[in-house]
Amino acid sequence: MALHSYYSKGGPFARRCLLTLAAKGLNYTAHSLDIGKQEHRTAAMLAINPRGALPLLQDGDLLVRESQAVMFYLDRAYPDPPLYGRTPQEAAAVMQEIAEQASYLEGPLKAILGPLLFGQRVEKLEEAVSAAATSLRGEFDKLEARLQKQAYLTGDLLSAADINSYPFFPALERALKQPQVSNLSLGLTPFSKCYPAVGRWMAVMESIGGAD
Ligand SMILES: N[C@@H](CCC(=O)N[C@@H](CS)C(=O)NCC(=O)O)C(=O)O
């Protein structure tokens with residue numbers, strides 16, 4: 001079947017989809033849409049994707065929206081390599097990690113990325129970013145300890161847990177370089193200096209491809 005990937009350049013959610021396609025070595029037609037120019041909200045696009053959010057995957061007649069649904073679909077349709085574990089125990093570890101990312105990482109990440117990369121208005125930006133950074137340091141300390149012992153978040157094999165969270169790490173580095181906050185000493189980035197094992201994992205994730 002013919003695969004088509006609709007995405008916005010640099011979008012972290014879109015990157016999940018592109019990384020999954022790359023990890024599985026799948027060929028696809030890329031449709032890069034410029035959100036600034038509203039290319040994702042043309043009548044033709046809204047006809048196949050009514051909420052307008054990207055990424056969107058098309059596989060033959062099937063349309064899949066929501067980045068996590070795209071990752072899961074691709075894994076079921078193209079099982080090699082398996083990204084949600086080979087055994088029930090591995091599957092539990094992958095889903096547990098994804099759920100913990102949603103519970104503990106996404107909130108503070110959104111508090112930083114929202115205002116600095118996605119135009120969200122926030123009062124007392126420096127205070128909000130510093131508070132979020134404190135939560136993130138607690139999470140990154142745990143990640144650093146884990147990645148000193150194993151190559152990927154759930155063991156020695158790439159999994160959906162890595163793909164789910166990786167796109168937010170380079171986005172965080174970009175966000176914290178913004179002039180409004182670049183003078184703050186947050187101790188988070190660059191990862192290669194503050195969290196070397198996380199930095200090495202990021203380099204491996206980047207080498208998988210799917211960057212656009
Ligand atoms: N929950 C969605 C979030 C997707 C999302 O926020 N996409 C952004 C780009 S990174 C978007 O399409 N924004 C434009 C819009 O919604 O009009 C997913 O995981 O796919």
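The values are calculated or read from the model by the stated rules, or taken from the named source; none is laboratory data. Fair warning: this is a prediction, and the values are worked out from it, not measured in the lab. Note that each Cβ is placed from the backbone with ideal geometry, even for glycine, and that neighbours are counted across all protein chains shown. Quick note on the areas: whole protein, heavy atoms, side chains included, nothing else; ligands and nucleic acids left out. Shrake-Rupley method; radii C 1.70, N 1.55, O 1.52, S 1.80 Å.
Take the solvent-accessible surface of the protein heavy atoms, probe 1.4 Å, and return the percent of it on the chain that carbon and sulfur atoms account for.
Working: 5820 of 10950 Å².
With neighbouring chains kept in place, the figure for the chain is 53 percent.
At what distance in nm do the modelled label points of ASP34 and GLU100 sit from each other, each positioned 7 Å from its Cα along Cα→Cβ?
Label at ASP34, label at GLU100, 4.2 nm between them.
Output needed: percent of Cα pairs per 10 Å distance bin for the chain, bins running from 0 to the one holding the longest distance.
Cα pair-distance distribution for the chain, in percent: 8, 33, 35, 20, 4, 0.
Please name whichever of SER8, LEU63, ALA30 sits farthest to the positive end of the charge dipole of the stretch 1-63, dipole taken about the Cα centre and charges placed at Cβ: Lys and Arg +1, Asp and Glu -1.
Result: SER8.
Can you tell me the order of 107-114, 58-65, 190-197 when each peptide is scored by its average per-residue count of other Cβ atoms within 10 angstrom, highest first?
Averaged packing, sorted descending, gives the order 107-114, 190-197, 58-65.
Taking N as the number of residues in the stretch 3-77, what is its alpha-carbon radius of gyration divided by 2.2 N^0.38 Å? Spell out each step's value before the answer.
Details: Rg = 11.4 Å, N = 75, 2.2 N^0.38 = 11.3 Å.
Taking the Cα Rg and dividing by 2.2 N^0.38 Å, one obtains 1.00.
Nearest 20 debye, what's the magnitude of the dipole of the chain about its Cα centre given +1 on Lys and Arg Cβ and -1 on Asp and Glu Cβ? Walk me through the intermediate numbers first.
Working: 21 positive and 22 negative charges, 67 e Å.
Charge dipole of the chain: 320 debye, to the nearest 20.
Using only DSSP helix segments of four residues or longer, with each worth -39500 (n - 2.57), what per-residue ellipticity at 222 nm results for the chain after dividing by its residue count and rounding to 500?
Calculated at 222 nm, the ellipticity per residue is -15500 deg cm²/dmol.
Residue farthest toward the positive end of the dipole of the chain, with Cβ of Lys/Arg at +1 and Asp/Glu at -1: which of THR189, ALA102, GLY209?
THR189
TYR152's amide H: which non-local residues (gap 5+, or another chain) put their own amide H closer than 5 Å, with H modeled 1.01 Å from N in plane and none for Pro or chain starts?
Counting only residues 5 or more places away or on other chains, the set is LEU157.
When DSSP assigns beta bridges and you keep just the ones with both residues in the chain, what percent turn out antiparallel, to the nearest 5?
If we restrict to bridges inside the chain, about 70 percent are antiparallel.
Take LEU46 and SER185, extend 7 Å from each Cα along the Cα→Cβ direction, and tell me the distance between the two endpoints in nm.
Here the answer is 5.1 nm between the modelled labels.
Just subtract the alpha-carbon distance of GLU139 and ALA151 from 0.36 nm times their residue separation and send over the number in nm, one decimal.
Working: separation 12, 0.36 × 12 = 4.32 nm, distance 1.74 nm.
Between GLU139 and ALA151, full extension yields an extra 2.6 nm.
For LYS193 and PHE72, FRET efficiency with R0 = 22 Å and r from the beta-carbon atoms, rounded to 0.05?
On the way: r = 35 Å, r/R0 = 1.58.
Here the calculated transfer efficiency is 0.05.
Using a Cα distance threshold of under 29 Å, what count of lysine pairs results for the chain when pairs must be 8 or more residues apart or interchain?
So the count works out to 22.
So which GluC sites (Glu not before Pro) in the stretch 32-117 are both in a DSSP loop and have at most 11 other Cβ atoms within 10 Å of their Cβ?
none
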